[in-house]
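Laboratory data are not the source of any read-out in this text; all were calculated from the coordinates shown. Computed from a predicted structure; not experimentally measured. For neighbour counting, all protein chains shown are included, and Cβ atoms are generated from backbone atoms with ideal geometry for every residue, glycine included.
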Amino acid sequence: MFAARRALITGFTGQDGSFLAELLLEKGYLVCGLVRGAPERALGCAEHLRRSVELVHGDLLEPDTLRAAIESVRPDELYHLAGPTFVPPSWQHPGETLGAITVSAAATLEAVRDLDSGVRVFMPASGSIFGEAPESPQREDTPCRPATPYAIAKLAAHQLVGAMRERFGLHASSGITFNHESERRPEQFVTRKVTRGAAAIALGLQRELKLGALDAVRDWSFAGDIVRGAWLMLQQEHGDDYVLASGVPHTVAELTRTAFACVQLDADRYVRVDAALVRPTEATPSVGDAGKARERLGWEPEVSFEELIERMVRADLRSLEGVAAGS
C-alpha cells in the first residue's frame, strides 16, 4: 500500500492556502500548514480545516524557522504561498516586503537543496512583475519592468526559482499568477470591496460605494482555479514557469456592474469615484496569456468571471444578513 504524499503549505491561513489545502485533502494528501505563533491562534480562512491538517510553526522573517519546518515535515511537495499580497503597503515598508518575499523564497529553496533536493516546490510570482510591459497579454517570456517594491521582490524570487532550478536541478516551479479572487479575499482588495458594497447596499446597510479609477483593467480568476494550476505544476516531470490567468480583461466598471446586477441594482446609481483613491492607470493592461499552462498542464479556468463575482456577492449577502436583521 502506498503512503500518502505529504505537502507543506506556507500561507496556509490565507485565501490561496485554504483552497489549496482543501484540494490536497480531497486528493488524499497529508497536509501540513505553516502558522506563525501558537497553534491555538485563529487560522483565518483555514479555521474550518484545523482538525484536518498538521500545524507547524514558522515565520517568513525568521529563515531558520522555515528550514526547521521543512526538516520536521519532510514534505514531498512544498507550496510557498506565504507573503504580502496587498501592494500599497510595500511602499511604506520596502525592506520588510523584500524580506518576506525574496529572502523567505531564498531560504526555502536553500533548505530544500540542502535537506532533500527531491522535494517539489511551487513559488507564486505575480502578474505585477511585468509592470509597464511592451505587450499585452503577457507571457512567460515577456520582458519585466516592475514598478513597485512588491513587484520587484516578486520578480527577484521568480528569477531565483529559475536560477536554483538550473544550477541544482531542483523541481521548482514559479506560477506567474494574475489577480485571483474569492469570498475569502480580504476586504481591502477592490473585488471584495465591490461585492461587499453591493451586498450592503442591497440590504440597506450602506448608501453608496466609493472607488478609485473605474477604467483600470485587470485579469480576474477564481482562486480555486489558480491553486489547481499550482498543483498541476508539481505533477510534471520537471519544474518550469507558467502564467496562470483567465486571459480576459475586465475594467473595474464592469466589475461593479456585474456585482450590482447580482442584487438587481444599477451600479451607476450607487458607485462614486473618490479622487483620493484614484491611481494612475497602467499604459499596458495587466492581462495574462496562459497558453503554455493550457497546452502542457491541461489547465483551464473552470469558474467564469460572472460566476466568480456572483459567488462573492452571495457570500457577502449571507455574512451581512445578520447585521441587517439586528439594525
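Test of understanding: ordering Y242, Y270 by Cβ neighbours within 10 Å, fewest first, what list do you get?
Placing the least packed residue first, the sequence is Y270, Y242.
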*Given the convex hull of the Cα atoms of the chain, what is a quarter of its surface area in nm²?*
17.4
*Under 1.5 on a/c is rounded, so check that first for segment 262-327, then, if it is not, pick prolate when a/b is larger than b/c and oblate when it is not; a ≥ b ≥ c are the square roots of the alpha carbon gyration tensor eigenvalues.*
oblate
*Against the longest principal axis of the chain, how steep is helix 15-26, in degrees 0 to 90 to the nearest 10, with axes from Cα atoms?*
60
*When the helix-only estimate is applied to the chain (DSSP H runs of n ≥ 4, each -39,500 (n - 2.57), divided by the residue count), what is the mean residue ellipticity at 222 nm, nearest 500 deg cm²/dmol?*
-12000 deg cm²/dmol
*When only DSSP loop residues count, what GluC sites (Glu not before Pro) in segment 296-326 have their Cβ near at most 16 other Cβ atoms within 10 Å?*
E302
*Cross-link pairs beyond the 29 Å C-alpha cut-off, checked among K27/K292; K154/K193; K27/K193*: K27/K193
*Taking only Cα atoms, what is the 0 to 90° angle, nearest 10, from helix 104-115's long axis to the longest principal axis of the chain?*
30
*So how tilted is helix 305-326 from the main axis of the chain? Cα-based, degrees 0 to 90, rounded to 10.*
70
*³J(HN,Hα), Karplus 6.51/-1.76/1.60, whole Hz, each residue of segment 58-65, x for Gly, Pro*: x, 9, 4, 8, 10, x, 4, 6
*Taking N as the number of residues in segment 92-185, what is its Cα Rg relative to 2.2 N^0.38 Å?*
1.13
*Specify whether the C-alpha gyration tensor of segment 211-327 places it in the rounded, prolate or oblate class, a ≥ b ≥ c being the square roots of the eigenvalues: rounded for a/c under 1.5, otherwise prolate if a/b is larger than b/c and oblate if not.*
oblate
*Provide, for q = 0.15, 0.19, 0.21, 0.31 Å⁻¹, the log10 of I(q)/I(0) from a solvent-free Debye sum over equal Cα point scatterers in segment 207-251.*
-0.56, -0.73, -0.80, -1.10
*asked:* Give me the extension gain from R296 to D266: residue separation times 0.36 nm, minus the current Cα-Cα distance, reported in nm with one decimal.
replied: 6.6 nm
*Residues whose placed amide H lies under 5 Å from that of H180, excluding near-sequence neighbours*: S221
